[in-house]
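Since the structure comes first, as structure tokens, the remarks are kept for the end.
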Amino acid sequence: MRTFAILLATCAAATALAAADPKQKQDLTAVIALNGKPCGEVVSYAVQGDNDFVATCKDKNRYRVYVKEGRVVVEKK
Amino acid sequence: MRARSIAALVVLSGCTASAPPPAPEAPPPKIAVAAQPAAPSSPPAQMPAAAPAAAPAPSPAPEKVATAPEQAAPKAPPKPAPPAPKVAAPAPTPAAPAAKPAAPPPLDLKSLEDRLKDTSAIGVLTKLSLKNQVDDLVGRFKAFHGGQRPPTLGELRPAFELLLMKVLSLLQDKDGALARDINASRESIWGVLADQDKFARYTS
């Protein structure tokens, strides 16, 4: 039980760290810009899975950025 | 025969003796032309008829002497000039190889591709997205070289430039050297894409 709690806490911390990773923000910002979507800058993001993110932009736009069949897809949410 | 010829000479000498003025006048100019360049100043004034024959001879001589250096001077530069290009011609050939080593790095597409893959200036998702766009553009070039219209080269060029601008804008702040090299290779890359043979060689 204790081990499970520690593991859960570690995962949560890792997710929180990842969500605050400036490099990841920059990466998402660049990807959104490359795909011609308005954003300005990604201020936060949430990890939904492997190579699957929901990014929130400075201009309040939100995009799901994920990889499907080797292609990066940017979808407006 | 000898007596006759001697007699003829005597007669001739008598004729020359009878008309001394013309005879001496004629030879002097010839002598002056040949040996005395300074004499002509007075003879031209004295002999208007003979002057054309005598005066031109002395005067051209000094003129030629005077102009010869002038003409030789202009001619001299052109003559050295051709050797100079000949000398310069070998010089460019060493210079051209010197320039070629500078050109190959931009032409080395494989190296640029590897550097682009390895650079830390771009995130993984961005690299993948760029690769997608590069593949899309290469696909359009394949269609073009396959005879499909559109796209035309005129349509492909802006797309190529836009993609290159995207790459450069992503690189320029954090990997300026790679950005510069890619920018320097711009025309070379376009040359590969636009030329059917080069394109086929690169994509195969």
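Worth pointing out:
- Using the Karplus relation 6.51 cos²θ - 1.76 cosθ + 1.60 with θ = phi - 60°, the per-residue 3J(HN,Hα) values for the stretch A:27-42 come to 4, 5, 4, 5, 5, 5, 5, 4, 8, x, 9, x, 7, x, 7, 7 Hz, with x marking Gly and Pro.
- The HN-Hα couplings worked out from phi for the stretch B:149-157 by the Karplus form 6.51 cos²θ - 1.76 cosθ + 1.60 (θ = phi - 60°) are 9, x, x, 9, 4, x, 7, 6, 4 Hz, whole numbers, x standing for Gly and Pro.
- Nonlocal amide H pairs with A:SER44, under 5 Å, H built at 1.01 Å: A:THR56
- Pairs beyond 18 Å (Cα-Cα), from A:LYS77/B:LYS131; A:LYS25/B:LYS117; A:LYS58/B:LYS166; A:LYS37/A:LYS58; A:LYS60/B:LYS174: A:LYS77/B:LYS131; A:LYS25/B:LYS117; A:LYS58/B:LYS166; A:LYS60/B:LYS174
- Ignoring aspartates and glutamates fewer than eight residues from A:LYS68 along the same chain, the ones with Cα atoms less than 12 angstrom from its Cα are A:ASP50, A:ASP52.
- Partner chain coverage, peptide A:23-35 - average Cβ within 10 angstrom: 5
- Cβ neighbours within 10 Å from other chains - mean over A:59-68: 1
- Among the residues of B:132-144, the average count of other protein chain beta-carbon atoms within 10 Å of the residue beta-carbon is 1.
- Global geometry of the stretch B:108-203, whether rounded, prolate or oblate, following the gyration tensor of its Cα atoms and the 1.5 cut on a/c: prolate
- Calculated from backbone phi, Karplus (6.51, -1.76, 1.60) coupling profile of the stretch A:43-54 in Hz, x at Gly/Pro: 9, 7, 8, 10, 8, 9, x, 5, 6, 9, 9, 10
Computed from the coordinates by the stated procedures, all read-outs in this text should not be read as laboratory data. Since the model is a prediction, treat every value here as computed from it, not as a measurement. Cβ coordinates were reconstructed from backbone atoms using ideal geometry, including for glycine residues, and neighbour counts include every protein chain displayed.
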